[in-house]
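Read the figures in this text as sums done on the coordinates, not as results from a lab. All figures in this text were calculated on a predicted structure; none of them were measured in a lab. Here the Cβ positions follow ideal geometry from the backbone for every residue, glycine too, while neighbour counts run over all protein chains shown.
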Amino acid sequence: MLTLEGLVCGYGPFVAVHGLDLVVPPAGVVALVGANGAGKSSTIMAVAGHVQVLEGTIRLDGEDITRLPARERLRRGIALSPEGRKLFPDLTVAENLEIGGYIHPRARVARSRERVLSLFPRLGERLDQQAGSLSGGEQQMVAIGRALMAEPRLLMIDEVSLGLMPKVIDQIYAAIVGLRADGIAVLLVEQSTRRALAIADEVCVLESGRPVWRGTAAEARGNQTLIDAYLGLREEAPS
Ligand SMILES: Nc1ncnc2c1ncn2[C@@H]1O[C@H](COP(=O)(O)OP(=O)(O)OP(=O)(O)O)[C@@H](O)[C@H]1O
Ligand SMILES: [Mg+2]
């Protein structure tokens with residue numbers, strides 16, 4: 001569904017990703033992992049249209065979208081829950097969600113809001129609360145919910161579990177599994193890889209902007225050398 005061919009992207013003269021091939025199949029879950037500064041966020045921001053592509057091609061269902069504006073990519077079904085969540089802290093939960101659906105007519109926005117609230121019932125109790133006053137977990141639900149308001153076919157989530165309690169992480173990952181069951185493909189970025197490996201189909205490990213390993217999550221889980229070198233699975237205690 002999403003195909004990256006030799007993606008090179010960066011900021012002005014600085015190249016953050018040096019040639020990445022990646023495929024996210026329909027209803028597939030792909031995890032992009034790697035240390036700080038590896039180029040994970042840059043990759044998904046380039047897919048969303050927010051980081052400059054210097055070389056290579058981004059395809060959605062075979063169609064070249066490399067030069068399309070971000071809004072057009074959103075219309076075609078690529079939505080992003082960004083690093084740091086980037087909520088509008090002074091706006092309410094309901095308003096933040098509404099913004100996510102801005103490309104769709106109102107009736108459709110009301111329907112997708114119902115779907116988001118059934119995925120994250122907690123948000124239903126907090127619709128009139130300012131997003132900035134929510135807990136970290138609730139904010140993550142709003143960020144993912146806001147992306148889902150665009151009714152994407154591909155949802156990209158940066159830093160899925162960063163700073164969240166294990167119980168909340170469980171809820172978020174359960175939601176991701178539910179989205180996949182509904183046919184939505186998910187490209188997720190994680191530093192803590194244990195949970196990502198538990199649900200992902202494919203894993204791509206980035207180091208200094210280069211893919212250094214790729215394979216199925218089952219292969220990654222069985223590869224102790226990879227785990228020791230890149231995945232840091234011991235950092236997070238099992239919950
Ligand atoms: N706006 C920017 N301007 C210049 N360089 C940037 C910018 N954003 C990121 N970079 C650089 O691009 C490289 C990749 O950064 P990126 O944010 O993609 O890494 P990451 O894998 O998401 O890291 P983290 O796990 O810390 O979020 C880093 O060297 C970073 O300093
Ligand atoms: Mg990042």
| field | Net charge dipole size for the chain [Lys, Arg +1 and Asp, Glu -1 on Cβ; Debye, nearest 20] | value | 460 debye
| request: Please list 33-39, 63-69 highest first by mean number of surrounding beta-carbon atoms within 10 Å per residue. | output: 33-39, 63-69
| remark: Computed Rg/Rh for segment 141-216 (Cα atoms; Rh = Kirkwood radius) stands at 0.96
| Calculated on alpha-carbon atoms, Rg and Dmax of segment 87-151 in Å | 10.4, 30
| note | Ranked output for segments 91-103, 212-224, 151-163 by mean other Cβ atoms within 10 Å, highest leading, reads 151-163, 91-103, 212-224
| Where Lys and Arg each count +1 and Asp and Glu each count -1, what net charge lies around T216 among other residues with Cβ under 12 Å from its Cβ? | -1
| said: If I model segment 30-160 as equal point scatterers sitting on the Cα atoms and use the Debye formula, what is log10 I(q)/I(0) at q = 0.12, 0.20 Å⁻¹? | reply: -0.47, -1.16
| query | To the nearest 20 debye, what is the magnitude of the charge dipole of segment 27-126 about its Cα centre, counting +1 on the Cβ of each Lys and Arg and -1 on the Cβ of each Asp and Glu? | reply | 260 debye
| said: What whole-number volume per residue, in cubic angstrom, does the convex hull of the C-alpha atoms of the chain give? | reply: 116 Å³
